[in-house]
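Contents: one structure, followed by commentary.
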Amino acid sequence: MKIEEVEIEGKVNELLAVLDKDIQHLQQSVSCLNELRSLTIKHDDSALSKLLERIQSESGSYRNHELKRQSIRRELAVALGCDLKEMTLSMLGDNLPEEQKARVTTTKTKLNELVKELRKEYISTSFLLSECARFNKVLLKSVFGLRESGVVTYTNNGAAKQQTNTMFVNMRF
């Protein structure tokens, strides 16, 4: 075994460890989207705030992980004599011994499945949130009587001025 092969093998093992963390991150992201939809439906504001804080704190540490992955890709591209854009898991697998090729292929398959699942969850979450926004807009239009004029007016103290002739419940005598 040449020194170059040992070096590439070590970098591939390092990349696979990084990709395992990517798999965990994708699984966690899918779980967060499920939790976000659930908490939105339950209207649990405190739990939503905690979830969003957790997501923000984890996103900062994940950026370092992404930089590490890119660094390993760059090193592998140099070692294999190819451009960084060409350095994909498929290309890497084609240049490895069978044992490592199988591990790379398994990891690639798992990542692809998780990305598909994440896309599905993202679309579901986006749809739910856009429907909530649409419903809130319709509700506000109904409450403030915006169906006819589309304009909300305010009194000099900043309170919304009711349009008594268009409200669905008129409490004014």
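The numbers here are math on the coordinates, done by the rules we state, and not lab data. For clarity, every value in this text was computed on a predicted model and none was experimentally measured. Methodologically, a virtual Cβ is constructed for each residue, glycine included, from the backbone with ideal geometry; neighbour enumeration extends over all protein chains shown.
Overview of results
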{"item": "Extreme residue, positive dipole direction of the range 3-134, given options His65, Met91, Gln27 (C-beta unit charges)", "result": "Gln27"}
{"item": "Cα-derived Rg over Rh, computed across the range 3-134 with Rh taken as Kirkwood radius", "result": "1.10"}
{"item": "Residues of type aspartates and glutamates that Lys85 reaches as a straight line, Cα spacing below 15 Å, ignoring anything fewer than 8 places off in the same chain", "result": "Glu75"}
{"item": "Sequence ranges 130-142, 103-115, ranked by mean other-Cβ count within 10 angstrom, highest first", "result": "103-115, 130-142"}
{"item": "Trypsin sites (Lys or Arg not before Pro) within the range 1-90, DSSP loop, no more than 16 other Cβ atoms inside 10 Å", "result": "Lys2"}
{"item": "Filter on Lys42/Lys110; Lys42/Lys108; Lys42/Lys137 - keep pairs with C-alpha separation over 27 Å", "result": "Lys42/Lys110; Lys42/Lys108"}
